[in-house]
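Each remark here refers to the structure printed beneath this line.
The values are calculated or read from the model by the stated rules, or taken from the named source; none is laboratory data. As the structure is a computational prediction, the values presented were derived from the model and not from experiment. Positions of Cβ are backbone-derived with ideal geometry, glycine not excepted, and every protein chain shown enters the neighbour counts.
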Amino acid sequence: MVVSAESETATKPHVAVVASPGMGHIVPLFELAKRLVTHHGLRVSFLNITTEASTAQTQLLHSPDLPSGLDVVDLPPVDLSTIVSEDALVLTRLCINVDESFRCLKSVLLKLGKPNAVVIDLFCTQALEVCEELSIPLYSFCTTSSAFLAFSLYLPTMDREIEGEYVDLPEAVQLPGCSRVRIEDLLDQVRDRKNDDYKWFLYHVSRLPKAAGILINTWEDLEPVALRAIRENPTYQEIPIPQIYPVGPLIKDTEPLTASVVDCLAWLDKQPTDSVIFIALGSGGTLSTQQLTEFAWGLERSRQRFLWVVRLPSDIACDSASFFGAGYEANGWKEYLPEGFLERTKEVGLVVSSWAPQVAVLSHPSTGAFVSHCGWNSSLESIMCGVPMIGWPLYSEQRMNATMLMEDVGVLTKPVVEPGQETIGRLEIERLMRTAIEGEKGKASRRKAKELKESARKALSTGGTSYESLSCLTKQWEAY
Ligand code: UDP
C-alpha cells in the first residue's frame, strides 16, 4: 500500500505545546516541540501568544526553516489596554495576557482535532480546565532548575504554615530533602506576599501537581539531589507530585542569520581561543545608569576582550518594556556609556545594541567566559557550550540559580558584594574579568563547564537519560 506524506503526517501522534510570553519560556518549549518532531516522530502544533510578542519571539517562531511536522499556530491578539494597568508587575501582566489569550483555547484545540496531549509552561495552568473538559492530558514543562521546581512545589505549604513575610524569616528556607534557600536569594515574586505577582505565582504553582506529568529542562546528573527529593521525600509524596521527566538540557540550536549575527561571528573569528568575555543579561535584563558606567570602566581597565550586549539603563526604560520588547533596538543607549569608551576599546571590544545571537556566540571557540544574569536557559546554554559563568543575577529566580551553579555545580564565580551595596564598583569588575580569563579559578570553572558539556550531550543522545525520558513520554502519548 502506498501511504501519502499527508496521510502519514495525519496518523502521527499530535501534541500541542504552548508557552507564556518571554523568550525564557518560548525558547525551551519551542526546542521541545522541535525535538518531539525530529527525534520522536510526533506532529506538534506550537500555539503562539501573539499579544505583546517581542521581535525576538516573532523571528524565532516564524523562521523559514522549521522541520516539517511542526506548525506554529498564532492565537488571535487580545486588547490588554483596559484590563492591565501600565504599572502592573511583569508576571501579573504576563499572566493576564495568557488568561485573555486562552479564551479561544478550547476552540483552537477542537479545530486542531483534539491533540493527544498538551504541554504548557508554569504560567499557563489556566489550560487545565479546558484540557479536562476535552479529556486531553496536560503536562507541564518546567523551564527552570529542579531546585527551583522543589521550591515552587513547596511554596503552597509555606504559604499555609508561615505567617508574615518570608523575607523576615530568621534563617534560610530548608527545602525538604534538598537545598536551603537563603533569604537574600528568594525570588522577587515571593518577597512581598501582598502584591499581585505573588498571588499569580502561588496560583500557578498550587495547580502544578494537577498536571499528568512534569517535564523539566535539566538532566539527572546535573541535579541528582533535588530530583531525588521531589521524587522520594515524604513531604513531596504527600502533595502528591506527578511523575517527573528530566528531558534537558534543551537549548536553541540555531539563530536567525541577521546582519548583526554575521557581524558578531566575523568579529569573534578574529579573536584568540577562550579570550572573549560575553556579557548578556537575558531577554530583558538591564543595569542602572550608575552600574552601567562602573561596568564599562571595570571592563576597560581589565584590558580583556569582550562582546557586550548593551541596553538602555533600568532607570530609563521600565522593566516590562525591556522584558516584552526583547530584541527591540532602543535608541540612545550609547550616551549612557562613559565618554570615549567605544573609541578607546574598539581594538578589544564589540558592543551590540539590545540582542546578540547568544548560542552562536557561546559556541564560538573565542568565547572564554560569560557574564550572565543566570536565567536558566542562559545557564544551560553556557554549560552546553562548555563556557564558565560570572553570575550577575538580576530578577526572578536568578539569585537561586547563581548560588546553585557556584556552590553545587562549580561553573560560576560571583562578584564580592558588601552587605547593602547596590552598585558593584569598577575595581571589583576589573578583578572579576581578569580572573575569569587569566586566573586559576576561571580555568577551574572552564574545566568543570567542559566536563558538564559532555555529561549533557550523553544525557541527550540515544539511550541517554533525557532522551529515554522523552521517549517514554511519547510512547504514553501515542497510546492516548
Ligand atoms: N538571548 C539571546 N540574545 C541576547 C539575550 C538573550 O539570544 O542578547 C536568549 C538566550 O540565548 C536565552 C534567552 O534569550 O535563550 C533568555 O532566557 P533566560 O532563561 O536565560 O533568561 P530570561 O530572558 O528568561 O530572563
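Here are the criteria: (1) surrounded by fewer than 22 Cβ atoms within 10 Å (Cβ to Cβ); (2) away from the ligand (no atom under 16 Å from the Cβ); (3) of a type in the set (G, A, S). Tell me which single one A317 does not satisfy.
For A317, the failing item is (2).
Take the residues of segment 375-389 that are crowded, with 24+ Cβ neighbours inside 10 Å and closer than 16 Å to I437 by Cβ: which is nearest to the ligand (Cβ to nearest atom)?
Here the residue is S382.
Just to check your reading of the model, which residue among S63, S135 is assigned to a loop (DSSP other than H, G, I, E, B), surrounded by fewer than 20 Cβ atoms within 10 Å (Cβ to Cβ) and in contact (Cβ under 8 Å) with a residue 40 or more places away in the chain?
The match here is S63.
Please indicate, with yes or no, whether at least one residue in segment 26-48 is assigned to a strand (DSSP E or B) and either modelled with pLDDT under 95 or of a type in the set (K, R) (or both).
yes
Among residues belonging to segment 252-295 that are exposed (fewer than 14 other Cβ atoms within 10 Å of the Cβ), among the charged types (D, E, K, R) and at pLDDT 95 or above, point out the one that is nearest to the ligand (Cβ to nearest atom).
Selected residue: D269.
Considering only residues that are within 10 Å of the chain's Cα centre (by Cα) and either away from the ligand (no atom under 15 Å from the Cβ) or within 11 Å of I49 (Cβ to Cβ) (or both), which ones fall in segment 11-28?
The answer is G22, H25, I26.
Yes or no, residue by residue, for (1) closer than 27 Å to S302 by Cα; (2) of a type in the set (A, V, I, L, M):
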{"site": "V417", "(1), (2)": "yes, yes"}
{"site": "T423", "(1), (2)": "yes, no"}
{"site": "E430", "(1), (2)": "yes, no"}
{"site": "T435", "(1), (2)": "yes, no"}
{"site": "K448", "(1), (2)": "yes, no"}
{"site": "S471", "(1), (2)": "no, no"}
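Which residue pairs have Cβ atoms closer than 7 Å, lie 6 or more positions apart in sequence or on different chains, and pair a first residue in segment 348-360 that is of a type in the set (D, E) with a second residue that is near the ligand (Cβ under 6 Å from one of its atoms)?
Partner pairs satisfying both residue conditions: none exist.
Say whether the condition of being within 16 Å of the ligand (Cβ to nearest atom) and of a type in the set (G, A, S) is met by at least one residue in segment 404-418.
no
Are there any pairs with C-beta distances below 9 angstrom linking a residue in segment 396-409 that is free of Cβ contacts under 8 Å to residues at least 24 places away in the same chain to a residue that is within 14 Å of the ligand (Cβ to nearest atom), with the two at least 6 apart or on different chains, and if so which?
Close Cβ pairs (under 9 Å, with a partner that is within 14 Å of the ligand (Cβ to nearest atom)) amount to M406/M389; M406/G391; M406/L412.
Name every residue in segment 387-409 that is modelled with pLDDT of 95 or more and of a type in the set (G, A, S), in order of residue number.
G391, A402, listed by residue number.
State all residues of segment 95-132 that are among the small types (G, A, S), surrounded by fewer than 20 Cβ atoms within 10 Å (Cβ to Cβ) and touching a residue at least 40 places away in the same chain (Cβ under 8 Å); if no residue qualifies, say none.
G113
Going by what's in this entry, would V205 be described as within 20 Å of N401 (Cα to Cα) and under 19 Å from the mean Cα position of the chain (by Cα)?
Here the answer is yes, as V205 does meet what is asked.
Residue under question is S363, and the condition is that it be under 25 Å from E294 (Cβ atoms), within 19 Å of the chain's Cα centre (by Cα) and within 16 Å of the ligand (Cβ to nearest atom); does it hold?
no
Among (1) part of a loop (DSSP other than H, G, I, E, B); (2) more than 10 Å from the ligand (Cβ to nearest atom); (3) modelled with pLDDT under 95, where does K334 come up short?
Against the list (1) part of a loop (DSSP other than H, G, I, E, B); (2) more than 10 Å from the ligand (Cβ to nearest atom); (3) modelled with pLDDT under 95, K334 comes up short only on (1).
Just give me the residues in segment 379-420 being basic (K, R) and under 17 Å from the mean Cα position of the chain (by Cα), in sequence order.
R399
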